[in-house]
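Structure first, commentary second.
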Amino acid sequence: MVEPLLLFDALLGLAIVALAVAVLTVHDRFAMIVLFIVFGLMSALAWVRLSAPDVALAEAAIGTGLTGALLLTTLHHIRAAPAAPVPVPGGVVVANLGLCALIFGGLAFAFLLTPLQAPGLAPAVAQNMAASGVGHPVTAVLLNFRAYDTLMEVVVLLAAIVAVWMVERGTVQAPAPVLGEIYRGFSRLALPAIVVIGSYLLWVGAQAPGGAFQGGAVLAAVGLLLLLGRLYRPQPAHRPFARAGFVLGTAVFAGVALLVAGGGRLPFEYPAAHAKTLILLIEGMVTISIAVTLAALFHGREPEAVPVSEKSE
Amino acid sequence: MLLDLLALALIAVGAFFFVAGTIGLLRFPDTLCRLHALTKADGLGLGLTCLGVALLAGTAGEVVRIVLIWFFVATSSAVCGHLIARHVRRAANAGGR
């Protein structure tokens, strides 16, 4: 029997591959970014078709929305300071090709070695769901069974913003575009809704698709709207608050692990009675950190002591 | 059954407007004309599709969510259209001076 959606899936797969080729071959940078955003949306749709709504949400919010915004703002700054394109040394090209081939080979190796129709770890997760403190398997794996991996992901984000603040200290920034009154009115309308949606995604993650990364990415959009509409301008005096926001998630995550470990248990072996509370505490703090960090990544540089000259509105 | 058919018809008409908007986007000569085709057709296409999906929704909560999605997508696409048109006009003014 032929699946009714087989044609749709085949077209979707073809579209994703075609978009990937187009992203790599098109010469205009702006077109490249727009195609990449469409590629991300199609990938999110593919994740939905693979029954992985958690990954689809993350792909749509982080992989497409925020990454697209980061790429566009980078393009804006590159255009403002046109520099002669530096030819890429041949050695770098060869090294990149080698690394890509290595990753591809590793993935192909892992894929071919995986036995078909194997149950994987799903039964083990299903057996232990009652002890996890949450009702959604993905959240149970991310925040309980494999919490160490998730802690490392939060640390990666922290390292990224530290690097961006260090690197962008000396760079010249293009003035932000003035978007006007209608945009401001729209952001005032959308801001409360985004806050509600982001918090909802965080809360619902305990029982259904959603969670800290998706909620945090949606909340980061609040920062983007505020920055773009100049409803908020980063000031040097705000740096301590920003730094506190960056480390909050990592600190609470690691702190909970250490506290749990101090009571004669393994790190992340939450006491069953408090598992849900601890997981929600970690997720809440990590969400705040993710939102602040992603918004700061979009802003780019550290707020300087000397105000950057801006066009009059 | 009748409700299903009605929903199907609404979604089909909505899809037709999306296709018409896409053709306009591909065929019209300049940015403002393309924007005109896109925002009008997409606005209608989105509204009809949401209406059709809302008829198929099982619970009141789902209907509320669909209405919210319609409201925010419609608002943000109108604002996007405005921003693009504004940028085009400013670029033309800057070029004409």
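Checking B:F71 against (1) of a type in the set (F, W, Y); (2) over 10 Å from the mean Cα position of the chain (by Cα); (3) farther than 23 Å from A:Y183 by Cβ, only one condition comes out false. Which one?
Every condition holds for B:F71 apart from (3).
Rundown of residues vs (1) at positive phi; (2) at the interface with chain A (Cβ under 9 Å from one of its Cβ atoms); (3) touching a Phe, Trp or Tyr at 6+ places or on another chain (Cβ under 8 Å); (4) surrounded by fewer than 15 Cβ atoms within 10 Å (Cβ to Cβ), yes/no style:
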site	(1), (2), (3), (4)
B:A60	no, no, no, yes
B:V63	no, no, no, no
B:L68	no, yes, no, yes
B:V79	no, yes, yes, no
B:A91	no, no, no, yes
B:A94	no, no, no, yes
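Going by the structure shown, is A:G185 part of a helix (DSSP H, G or I), touching a helix residue (DSSP H, G or I) at 6+ places or on another chain (Cβ under 9 Å) and surrounded by 15 or more Cβ atoms within 10 Å (Cβ to Cβ)?
Numbers: part of a helix (DSSP H, G or I): yes; touching a helix residue (DSSP H, G or I) at 6+ places or on another chain (Cβ under 9 Å): yes; surrounded by 15 or more Cβ atoms within 10 Å (Cβ to Cβ): no.
Spelling it out, it is not the case that A:G185 is part of a helix (DSSP H, G or I), touching a helix residue (DSSP H, G or I) at 6+ places or on another chain (Cβ under 9 Å) and surrounded by 15 or more Cβ atoms within 10 Å (Cβ to Cβ).
Residues checked against (1) within 14 Å of chain B (Cβ to nearest Cβ); (2) over 16 Å from the mean Cα position of the chain (by Cα); (3) among the acidic types (D, E); (4) on the phi > 0 side of the Ramachandran plot:
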residue	(1), (2), (3), (4)
A:L189	yes, yes, no, no
A:L201	yes, no, no, no
A:A212	no, no, no, no
A:L224	yes, no, no, no
A:P236	no, yes, no, no
A:L266	no, yes, no, no
A:A275	no, yes, no, no
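For the structure I just gave you, tell me whether A:A193 is at pLDDT 80 or above and surrounded by 15 or more Cβ atoms within 10 Å (Cβ to Cβ). Even if it seems obvious, please write down each step before you answer.
On the way: at pLDDT 80 or above: yes; surrounded by 15 or more Cβ atoms within 10 Å (Cβ to Cβ): no.
No.
Can you name the helices (runs of 4 or more DSSP H) wholly within the range A:9-96 that have at least 3 residues being under 28 Å from A:G198 (Cα atoms) and modelled with pLDDT under 90?
Values: elements: A:29-49, A:53-58, A:67-80.
Helices (runs of 4 or more DSSP H) meeting the threshold: A:53-58, A:67-80.
Out of A:G180, A:G185, A:G229, report the one residue that is small (G, A, S), on the phi > 0 side of the Ramachandran plot and within 14 Å of chain B (Cβ to nearest Cβ).
Just one listed residue meets the conditions, A:G180.
Of the residues A:E3, A:E59, only one is free of Cβ contacts under 8 Å to residues at least 24 places away in the same chain, of a type in the set (D, E, K, R) and under 22 Å from A:L294 (Cβ atoms); which?
Numbers: A:E3 fails: under 22 Å from A:L294 (Cβ atoms).
Testing whether each residue is free of Cβ contacts under 8 Å to residues at least 24 places away in the same chain, of a type in the set (D, E, K, R) and under 22 Å from A:L294 (Cβ atoms) leaves just A:E59.
Can you tell me which residues in the range B:20-56 are outside any helix (DSSP H, G or I) and surrounded by 17 or more Cβ atoms within 10 Å (Cβ to Cβ)? Talk me through it step by step, then tell me what you get.
Going through the range B:20-56, the residues outside any helix (DSSP H, G or I) turn out to be B:28-30.
Result: no residue meets the conditions.
The values are calculated or read from the model by the stated rules, or taken from the named source; none is laboratory data. Since the structure is predicted, the reported quantities are computational estimates derived from the model, not experimental observations. Here Cβ is always computed from backbone atoms with ideal geometry, including for glycine, and neighbour counts include all displayed protein chains.
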